[in-house]
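What follows is one structure encoded as structure tokens, with my remarks underneath.
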Amino acid sequence: MKTGMTDRILLMMVLSVTLLFSSVVPAFETERYFVPLRVDRQETISSLVLRLGVLSYRGESIQQLQKNALDPVERNFVSLMQAIAAGDSTTALQLLTLETLSEAKRTVDLLRNSFPDLMEARLLWQIAAGSSRIFVYEWEPSAIKRGNPGRRAFVFDEVSPGVYRAELVSSARPLETFILSVMQRAAKVDGSVTGLTSYIFPQQHHEQVEHPVVLEYRAHQECQVKADGVSPGLMPAKVFQNSRLALKNGDMDTYLASFTPVSRSKLQRWFAKMSPEQLLAYQQTMSQQELVYCMDGSPVWILFNSPVIAADGSGGGGDQRAVSWSYMLQTEGISGQYLFANAYMEGFLDDLFEDQRLFPTTRKRFVEVLVQPSQ
């Protein structure tokens with residue numbers, strides 16, 4: 001047996017024994033944070049809320065944690081950061097969800113070159129995401145003040161009972177990336193907010209967990225528009241309906257007026273490049289949409305819609321057609337105007353909504369999970 005493989009097995013055996021027989025359990029607290037969203041390239045703090053199990057480290061360095069770490073997963077995190085700081089790809093491989101030494105070396109070299117003082121990074125939180133643990137650290141507080149993401153994270157997954165392996169949080173992990181985006185600002189909810197609907201993101205192993213990841217928002221039963229033109233009672237729904245009627249009538253000026261200036265300008269440039277046939281196809285497709293559900297995250301609303309389904313179930317692929325969504329911004333001022341935003345722009349929340357492992361992406365499933373429970 002190769003020496004490297006022997007070392008890997010021995011280290012994993014030690015880690016397994018340490019984790020399995022440690023009785024230390026982190027004291028996670030349930031915390032709630034407002035969700036920041038990019039709206040037309042500008043960050044807006046919405047009233048959507050993310051509920052998490054959080055353990056705060058109050059900015060202690062990795063070196064300090066090395067002295068104080070009691071939880072075995074904390075010790076694994078410290079060992080990983082030490083290995084990266086020392087350029088020890090062999091040890092890093094034992095702790096990462098990677099298969100080859102060359103992959104581990106690329107990761108180690110990337111992090112060492114980007115953050116040469118990694119052990120001086122300030123550890124902020126450990127977050128319980130189902131059975132996984134997310135360690136959020138900050139290496140340059142001034143980056144936060146400049147508006148740049150200054151926080152990074154590793155997620156430790158339980159690969160077998162009591163045994164954890166780590167992965168750098170990236171777009172390949174949409175739920176963890178969304179959590180990290182929320183914790184860039186960590187806009188904590190002070191006091192209680194009542195009357196919110198909860199969506200619990202499915203966990204990796206689908207079991208009951210003590211600290212699930214939960215998105216909270218206000219839901220409105222009247223936020224539905226049917227193809228028969230019945231007038232909705234909620235202003236965002238009215239704006240949605242009027243925009244679809246404008247498309248149906250070929251009134252592109254009225255349709256474009258329902259967008260924010262940034263999104264309107266983007267659509268105008270896009271439409272100008274279309275042939276008459278392409279523009280007509282766009283009008284026909286978009287006009288045959290009906291509103292299914294609204295998430296009220298004032299001043300940002302998320303409107304979910306799908307193709308019109310006839311009484312016999314025909315039209316647009318039926319219940320298996322993918323649900324799509326639009327963002328709407330409630331503008332400031334007395335008028336409180338509602339305008340569509342983020343035309344063909346995507347963010348971290350969109351990556352979640354597109355992932356069928358994390359969110360109901362078909363109309364049938366969407367209605368079962370979100371619409372029916374709120375009625």
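Observations on the model:
- Residue within the stretch 230-243 that is closer than 16 Å to V308 by Cα, charged (D, E, K, R) and at pLDDT below 95 present: no
- Scanning the stretch 271-304 for residues that are of a type in the set (D, E, K, R) and assigned to a strand (DSSP E or B) returns E290, D296.
- For the stretch 156-209, residues that are under 24 Å from V108 (Cβ atoms) and aromatic (F, W, Y) total 2.
- Residues satisfying the stated conditions in the stretch 219-229, i.e. touching a strand residue (DSSP E or B) at 6+ places or on another chain (Cβ under 8 Å), at pLDDT 70 or above and surrounded by fewer than 18 Cβ atoms within 10 Å (Cβ to Cβ): none
- Condition check for E103 on (1) over 27 Å from the mean Cα position of the chain (by Cα); (2) within 13 Å of L168 (Cα to Cα); (3) of a type outside the set (A, V, I, L, M): one failure, at (1).
- Picking from residues in the stretch 171-199 that are free of Cβ contacts under 8 Å to residues at least 60 places away in the same chain and over 11 Å from the mean Cα position of the chain (by Cα), the one that is surrounded by the most Cβ atoms within 10 Å (Cβ to Cβ) is A172.
- Listed by first and then second residue, the pairs linking a residue in the stretch 313-333 that is modelled with pLDDT under 80 and surrounded by fewer than 12 Cβ atoms within 10 Å (Cβ to Cβ) to a residue that is of a type outside the set (A, V, I, L, M, F, W, C) and part of a loop (DSSP other than H, G, I, E, B), with Cβ atoms under 8 Å apart and 6 or more places separating them unless they lie on different chains, are E332/P299.
Here's the yes/no breakdown for (1) polar (S, T, N, Q); (2) in contact with a Cys (Cβ under 8 Å, 6 or more places away or on another chain); (3) at pLDDT below 90:
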site	(1), (2), (3)
S89	yes, no, no
L98	no, no, no
T107	yes, no, no
L111	no, no, yes
S114	yes, no, yes
W125	no, no, no
G130	no, no, yes
I134	no, no, no
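The values are calculated or read from the model by the stated rules, or taken from the named source; none is laboratory data. Please read all numbers here as calculations on a predicted model, not as lab measurements. Using ideal geometry, Cβ is built from the backbone for each residue, glycine included, and neighbour counts are taken over all protein chains shown.
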